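Student: Here it is, the structure, as structure tokens.
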Amino acid sequence: MKIDLHVHSSERSTCATSTEEEQIQAAIACGLDAMVFTDHGRLVPQARLEALNRKYAPFRIFGGVEITLEEREDVLVLGIQDPALEGQWTYPELHTFVRECSGWIALAHPFRYHPDIVIDVAQYPPDALEGCSTNVALLNRPRIRDAAKQLGIPVVCNSDAHVTRSLGVGYNLLKETPADEAALVRLLRIGAFIGVCMIT
């Protein structure tokens with residue numbers, strides 16, 4: 001299964017210009033099998049996810065969220081549909097919450113805002129670093145790979161699409177097809193995927 005773990009929609013992300021359905025249709029057109037909506041500070045309502053999955057099956061749509069931490073880093077959270085995620089968080093608090101809820105957490109586009117990673121990833125290691133997307137600078141990719149290697153965690157590749165033309169620039173090839181969101185999180189947490197970056 002080819003899945004993009006970082007996609008935005010204009011319904012919930014003010015910086016996005018493409019709608020949910022436009023993003024889904026673009027993802028299908030470029031050969032993806034699944035995607036995760038990770039809007040800024042907003043979860044997709046469960047009823048909406050179910051409706052989209054019925055309409056676009058067998059394509060799969062999952063819900064997540066991108067959270068801007070008080071430390072001014074962005075993280076992706078999957079596998080949790082708790083409205084508490086839409087609030088303000090410090091990284092240690094969020095990391096603890098995600099672990100308690102058996103979710104998945106990744107640092108989005110490292111080094112985008114700071115010359116160094118400013119959250120304590122040594123004491124609170126995420127499940128992955130995002131090493132490819134429209135918001136990951138080419139010169140930062142080696143640093144991200146090195147940081148992930150030091151932490152012993154994988155690198156994910158996504159689009160961070162805010163518009164349809166960005167879909168397909170990065171995705172993750174899962175080693176098996178997850179039956180549900182919990183299974184997706186399990187595969188991601190054990191690193192059972194290969195990140196594919198199409199940006200050269």
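The values are calculated or read from the model by the stated rules, or taken from the named source; none is laboratory data. Being a predicted model, the structure only gives us computed values, none of them experimental. Heads up, the Cβs are rebuilt from the backbone with ideal geometry, glycines too, and the neighbour counts pull from every protein chain shown.
Student: Report, by residue number, each residue of the stretch 117-136 that is more than 20 Å from His162 (Cβ to Cβ) and in a loop (DSSP other than H, G, I, E, B).
Tutor: Looking only at the stretch 117-136, we keep the residues that are more than 20 Å from His162 (Cβ to Cβ), and these are 117-129.
Result: Ile117, Val118, Ile119, Asp120, Val121, Ala122, Gln123, Tyr124, Pro125, Pro126, Asp127.
Student: Among the numbered criteria (1) under 27 Å from Leu49 (Cα atoms); (2) in a loop (DSSP other than H, G, I, E, B), which single criterion is violated by His114?
Tutor: Every listed condition holds for His114 apart from (1).
Student: Looking at Ser102, Ser159 in this structure, which one is small (Gly, Ala, Ser), at pLDDT 95 or above, farther than 14 Å from Val36 by Cα and assigned to a loop (DSSP other than H, G, I, E, B)?
Tutor: Working: Ser159 fails: farther than 14 Å from Val36 by Cα.
From the options Ser102, Ser159, the qualifying one is Ser102.
Student: Oh, and also: Go through the stretch 115-134 and give me each residue that's among the polar types (S, T, N, Q) and either touching a Lys or Arg at 6+ places or on another chain (Cβ under 6 Å) or touching a residue at least 40 places away in the same chain (Cβ under 8 Å) (or both).
Tutor: Ser133, Thr134
Student: Looking for whichever is of a type outside the set (S, T, N, Q), closer than 15 Å to Glu181 by Cβ and part of a loop (DSSP other than H, G, I, E, B) here; the options are Leu5, Leu43. Which one fits? I'd like the intermediate steps shown before the answer.
Tutor: Numbers: Leu5 fails: part of a loop (DSSP other than H, G, I, E, B).
After applying the criteria, what remains is Leu43.
Student: Still on this structure, please answer the following. Here are some residues: Gly170, Gly195, Gly191, Gly152. Which one is buried (at least 23 other Cβ atoms within 10 Å of the Cβ) and small (Gly, Ala, Ser)?
Tutor: Values: Gly195 fails: buried (at least 23 other Cβ atoms within 10 Å of the Cβ); Gly191 fails: buried (at least 23 other Cβ atoms within 10 Å of the Cβ); Gly152 fails: buried (at least 23 other Cβ atoms within 10 Å of the Cβ).
That would be Gly170, the only listed residue that is buried (at least 23 other Cβ atoms within 10 Å of the Cβ) and small (Gly, Ala, Ser).
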